[in-house]
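**Student:** For reference, the structure I am asking about is given below.
The values are calculated or read from the model by the stated rules, or taken from the named source; none is laboratory data. Quick caveat: nothing in here was measured; it's all calculated off a predicted structure. All Cβ positions, even for glycine, are placed from backbone atoms using ideal geometry, and neighbour counts span all protein chains on display. SASA here: full protein model, heavy atoms, side chains in, ligands and nucleic acids out. Shrake-Rupley method; radii C 1.70, N 1.55, O 1.52, S 1.80 Å.
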Amino acid sequence: MREWQEPEDVQIPKELQAAIGGHPLVARTLVRRGFTEVGEARGFLDPRFYQPAAPTDLPHLIEAVERVEKAIEEGEKICVWGDFDVDGQTATTILFCTLVDLGAVVQYHIPARATESHGVNLPVLEQIIAESVTLVLTCDTGVTAHEAVEYAQQRGVDVIITDHHDLPPVLPQARAVVNPKMLSDAHPLRQLPGVGCAYKLAEELYDRVGRGEDVARYLDLVALGIVADVAVQTGDARYLLQRGLDALRHTQRLGLQVMMEIADLNPEWLTEEHIGFVLGPRLNALGRLADANVAVEFLTTSDVGRARILAHELEGLNARRKLLTDQVFQGAEAQIEQDPSLLDYGALVLSHPSWPPGVIGIVASRLVERYGKPTILVATPPGKLGRGSARSVEGCNITAAIGNHAEMLSGFGGHPMAAGLSIDPERIREFRRALSCTVAEMVGEPEARVTLQVAGYVSLSELSLGLVEELERLAPFGPGNPPLTLATKGLELKSYTSVGRNGEHLQLIVEDKEGNAQKVIWWRGAGWPLPEGRFDLAYVIRASDFRGQRAMQLEWVDARAVEVPAVALAPERPPVEVVDFRKTPNPRSLLEDLKMGPGLQVWSEAEARREVGGRDRYELGSSKTLVIWTTPPGPRELRVVLDIVAPEKVYVFAVDPDLDHPEGFLRRLAGLIKHALRSSEGRVSVSALAAATAQREATVRVGVAWLASGGQIVVLGEGGNELKLAADDQKASADLKEVATQLKMLLGETAAYRAHFDRAPSESLFEDKE
């Protein structure tokens, strides 16, 4: 639990309240965030009243523009060199399109994450220079590319760097380095991400040819990059995001239109949340798992057919990204469970040889949310340098902290809240200890910083969509302008259910003393203790447009008890009587005799469901007697079935379905999918496939990913438990081996559990299943 900080008592100037109007909480928040003058407050709320800074405020931007103009006039070949995240993709697109529009001879390159990593890769630069490029223009990268810049100069090639990452002690000797970190902390351009720098460069190029208004065509891309890069939303970064969100709601880019259509996203209601959780992850999946150069085509194509093909490819990559992220998160949690002392360090540093480098940054962010401390995950493939992604907490500049131990690393870079690094796996333990000491010096004891600022207390009866719309005047929200955390006192938990693909979220119903009830969503709340008795609830209130219906949504932030814990939500179930028939001869005939009795259900899956006439885990209901014919694939599946059936007696046969080898499992899965392609237009549920293969749902998802990576099928869409598949006939992708490794691991876990289930004392199998 965090320490709640009560709402700050502030005096609202009468002229400010009169000018702003609306709910008092809006004006109160403006004052708390430093906006006491009417003009400043209006500029914060409405970009029409904000005066943006001139592009030329960026140091060395004039030199950069003049060199680009010279290249355009003389027909030099320019290469825009970007980065593979959304910030880099959008920055690359802006500069490439601007230069094409101004008549330049231009090409672009975005590094492949798997083979080049971040930055300016020297072997690729050599190839590009060999193609007669005489000017390299970087975006969202390059500020630490000393070796590459030196090589380019030796070959007579100029390099202009536009980047926003933290400055090294010595800058590369480029023709110009344009980086907002060179400005003072208070400058309105200071927080621009890479796409913001690119936009300002494009703005000046257009201004100098008398076409200043033309740069606005790229504002939708700027919004994508700002949110996806988690930029601090102050000054011009906020201004550009406000304008960019409006442009994105009316975008003419076919790729984005199709992406929103597939994601069932109404552009009219689009917010920064939709960029962060819907559009951004799909674009980022390209850089994480494939070739991000495709992003430029996707964001610029005028062919709707091509746009649709690329959008579906992104959808499939994003589905795979979710799967890999879940697996890495579970693996990280397992390491912590096995060695809780890892949480005693100032920084959480974990590694594993099979983790895909493309998703470890996402998992690091999740772990920061869960444990409240800087986190670094390192992928350590055998025989190679480890590649790590870091995420931080407020008050800890993680790039600076890492930089204090540069002698242990092969390379690093980033900004205050996120960084990347490469390291010899043998030095990870040593690095963990050293980094933790540095983090402790930066932020002090963890307990001293885990606080929660409450903006105001409201009753459940005061909550409405109208209140949401009032508070949304303060949007867009993000770093530098966090969403308001409200709180309601004296609530009671009435019920809760697990939701999400893997039941990782909770949907709760809370009720106040007057009987007003309200639904609350707790993202990734599964496994955390629930409050008992009366409690105060802190939450963020938003508008949801799920399935096209605009409604109010409360998102759980924290809870604090106000009473002695009350009675448990559910009575404890009496012990189950277990009858062990695992080694009995002639089990089929014995089963038939048992089926003659009343109130009995048979849990059987895969081929056994048809052979013995039972039900799979999703078809079972409450009954006094349960027969476990097929050995369960895992303890969670067993626990769920026992909770559903609530039996008084269990007969255990535990027949192995013999589907824990990759060949047999994939053969059956492929057959089931082939049937679905013929009979239901490729629509199939993960749960149905899990039951039909007697496997965990996570294993089925990896199996589908293996078939897709092998070129046999394509995933057209995913909605919770449902998949939309189509037949394919393509070459296997480069990640097939990686997916096969993941599948083998999951099947091995199930085989190990079934072996345990077969030999363990029968009573122990059903202990602590509540």
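**Student:** Give the cross-link partners of K489 among the aspartates and glutamates, using a straight C-alpha distance below 16 Å as the criterion and excluding same-chain residues fewer than 8 apart.
**Tutor:** Result set, ordered by chain and number: E3, E6, E462, E511, D512, E514, E532, D536, E555, D558, E563.
**Student:** How big is the antiparallel share of DSSP beta bridges in the chain, given as a percent to the nearest 5?
**Tutor:** Numbers: 54 of 98 bridges.
Around 55 percent antiparallel, to the nearest 5.
**Student:** Near the amide H of D728, under 5 Å away, which other amide H atoms are found, from residues 5 or more places off or on another chain, if H is placed in the peptide plane?
**Tutor:** Long-range HN contacts for D728: I713, V714.
**Student:** Calculate one ³J(HN,Hα) per residue across segment 398-410 by plugging θ = phi - 60° into the Karplus curve 6.51 cos²θ - 1.76 cosθ + 1.60, and present them in order as whole Hz with x for glycine and proline.
**Tutor:** Working through the residues one at a time gives 5, 5, 5, 4, 5, x, 5, 10, 4, 5, 8, 10, 8 Hz.
**Student:** Can you give the relative contact order of segment 213-359 as a percent, counting alpha carbon pairs under 8 Å and 6+ residues apart?
**Tutor:** 21
**Student:** Next question, about the same structure. For segment 623-697 and segment 109-167, compute the distance between their C-alpha centroids and round to whole Å.
**Tutor:** 52
**Student:** Would you check the accessible area of M442, probe 1.4 Å, heavy atoms only, in square angstrom rounded to 10?
**Tutor:** 70
**Student:** Just going by the charge dipole of the chain, with Lys and Arg at +1 and Asp and Glu at -1 on Cβ, which of A561, L102, W522 is farthest out on the positive end?
**Tutor:** Value: W522.
**Student:** Still on this model: Mind jotting down a quarter of the surface of the convex hull over the alpha carbons of segment 696-769, in square nanometres, one decimal?
**Tutor:** Details: hull surface 26.1 nm².
Its Cα hull, projected and averaged over all orientations, spans 6.5 nm².
**Student:** Would you mind putting 423-429, 730-736, 82-88 in packing order, based on average other-beta-carbon counts within 10 Å, highest first? Show your work: numbers first, answer last.
**Tutor:** Values: 423-429: 16.0, 730-736: 14.1, 82-88: 29.4.
So the order, starting with the most tightly packed, is 82-88, 423-429, 730-736.
**Student:** Then there is this: FRET efficiency for V10 and E763, Cβ-Cβ distance as r, R0 = 60 Å, nearest 0.05?
**Tutor:** 0.45
**Student:** Next question, about the same structure. Let me make sure I get this right: for segment 357-495, a, b and c are the square roots of the gyration tensor eigenvalues over alpha carbons, sorted descending. Under 1.5 in a/c it's rounded, otherwise prolate if a/b > b/c, else oblate. Which is it?
**Tutor:** Numbers: a/c = 2.59, a/b = 2.40, b/c = 1.08.
Because a/c hits 1.5 or more and a/b exceeds b/c, segment 357-495 counts as prolate.
**Student:** What does the helix-only formula give at 222 nm for the chain: each DSSP H stretch with n ≥ 4 adding -39500 (n - 2.57), the total divided by the residues, and the result rounded to the nearest 500 deg cm²/dmol? Could you put the intermediate results ahead of the total?
**Tutor:** Working: 25 runs with 300 residues, N = 770.
Rounded to the nearest 500, it is -12000 deg cm²/dmol.
**Student:** Which peptide among 654-662, 301-309, 131-139 comes first, and what is the full order, when sorted by highest mean count of other Cβ atoms within 10 Å?
**Tutor:** Working: 654-662: 18.8, 301-309: 14.6, 131-139: 23.0.
Packing order, densest peptide first, comes out as 131-139, 654-662, 301-309.
**Student:** Treat every Asp and Glu Cβ in segment 673-770 as -1 and every Lys and Arg Cβ as +1, leave all other atoms uncharged, and give the resulting dipole magnitude about the Cα centre to the nearest 20 debye.
**Tutor:** That gives a dipole near 420 debye.
**Student:** So what are the ³J(HN,Hα) numbers for segment 219-228, from phi and the Karplus equation (6.51, -1.76, 1.60; θ = phi - 60°), rounded to whole Hz, Gly and Pro as x?
**Tutor:** Once rounded to whole Hz, the list reads 5, 4, 5, 4, 4, 4, x, 4, 6, 5.
**Student:** Past 21 Å, Cα to Cα, is the threshold; run K519/K624; K595/K624; K70/K200; K674/K724 against it and keep the listed order. Please list the in-between numbers first.
**Tutor:** Details: K519/K624 33 Å; K595/K624 13 Å; K70/K200 18 Å; K674/K724 12 Å.
Those over the limit are K519/K624.
**Student:** Subtract the Cα-Cα distance of E40 and E462 from 0.36 nm times their separation in residues, and report this length gain in nm to one decimal. List each step's numbers first, then the result.
**Tutor:** Values: separation 422, 0.36 × 422 = 151.92 nm, distance 2.94 nm.
Here the answer is 149.0 nm.
**Student:** Which chymotrypsin sites (Phe, Trp or Tyr not before Pro) does segment 1-67 hold that lie in a coil by DSSP with at most 16 other beta carbons within 10 Å? List each step's numbers first, then the result.
**Tutor:** Numbers: sites: W4, F35, F44, F49, Y50; in loops: F35, Y50.
Within segment 1-67, no chymotrypsin sites (Phe, Trp or Tyr not before Pro) qualify (loop, at most 16 other Cβ atoms within 10 Å).
**Student:** Only loop residues by DSSP count here, and only those with at most 10 other Cβ atoms within 10 Å; note down the chymotrypsin sites (Phe, Trp or Tyr not before Pro) in segment 182-267 that meet that. Before the final figure, lay out the partial values.
**Tutor:** Working: sites: Y199, Y206, Y218, Y239; in loops: none.
Nothing satisfies the criteria.
**Student:** Return the tail of the calculated pair distribution for segment 222-290, meaning the percent of Cα-Cα pairs more than 17 Å apart.
**Tutor:** 39
**Student:** How much of S351 can a 1.4 Å solvent probe reach, expressed as accessible area in Å² and rounded to 10?
**Tutor:** Accessible area of S351: about 40 Å².
**Student:** Continuing with this model, one more query. Search the structure for amide H atoms under 5 Å from the amide H of V655, placed 1.01 Å from N in the peptide plane, and list their residues when 5 or more places away or on another chain.
**Tutor:** Amide H neighbours of V655: T630, T631.
**Student:** With +1 assigned to the C-beta of every Lys and Arg and -1 to the C-beta of every Asp and Glu, and no other charges, what is the dipole magnitude of the chain about the Cα centre in debye, to the nearest 20? All intermediate terms of the calculation are to be shown ahead of the outcome.
**Tutor:** On the way: 80 positive and 108 negative charges, 319 e Å.
For this selection, approximately 1540 debye.
**Student:** Of G346, V576, L367, whose Cα points farthest to the positive end of the dipole of the chain (charges on the beta-carbon: +1 Lys, Arg; -1 Asp, Glu; origin at the Cα centre)?
**Tutor:** So the residue furthest toward the plus end is V576.
**Student:** Loop-only trypsin sites (Lys or Arg not before Pro) in segment 339-399, please: DSSP not H, G, I, E or B, and at most 12 other Cβ atoms within 10 Å.
**Tutor:** Numbers: sites: R366, R370, K384, R387, R391; in loops: K384.
When the trypsin sites (Lys or Arg not before Pro) of segment 339-399 are filtered for loop state and at most 12 Cβ neighbours within 10 Å, K384 remain.
**Student:** Amide H neighbours of M552 under 5 Å, at least 5 residues apart or on other chains, H built in the peptide plane: list them.
**Tutor:** So M552 has HN proximity to S544.
**Student:** Moving on to the next point. Equivalent ellipsoid semi-axes for segment 457-549, as square roots of 5 times the alpha carbon gyration tensor eigenvalues: give them largest first, rounded to whole Å. Provide the component values of the computation, followed by the final result.
**Tutor:** Numbers: eigenvalues 96, 67, 36 Å².
Semi-axes, largest first: 22, 18, 13 Å.
**Student:** Using only the Cα atoms of segment 1-59, build the gyration tensor, take square roots of its eigenvalues as a ≥ b ≥ c, and label the shape rounded, prolate or oblate: rounded if a/c is under 1.5, else prolate if a/b is larger than b/c, else oblate.
**Tutor:** Values: a/c = 2.93, a/b = 1.46, b/c = 2.01.
Oblate shape, in that a/c is at least 1.5 and b/c is the bigger or equal ratio.
**Student:** Quick one: grab the alpha carbon gyration tensor of segment 81-146, order the square roots of its eigenvalues as a ≥ b ≥ c, and give me rounded if a/c is under 1.5, else prolate or oblate depending on whether a/b is larger than b/c. Walk me through the numbers on the way to the answer.
**Tutor:** Working: a/c = 1.93, a/b = 1.20, b/c = 1.61.
Cα axes put segment 81-146 in the oblate bin.
**Student:** Okay, moving on. Measure off, as a whole percent, the carbon and sulfur share of the 1.4 Å-probe accessible area of segment 634-770, all protein chains present. Don't jump to the answer; show the numbers that get you there.
**Tutor:** Numbers: 3400 of 6420 Å².
The value for segment 634-770 is 53 percent carbon and sulfur by accessible area.
**Student:** For segment 626-631, take each phi angle, set θ = phi - 60°, evaluate the Karplus expression 6.51 cos²θ - 1.76 cosθ + 1.60, and give the result in whole Hz per residue in order, putting x for glycine and proline.
**Tutor:** 10, 9, 9, 7, 7, 4
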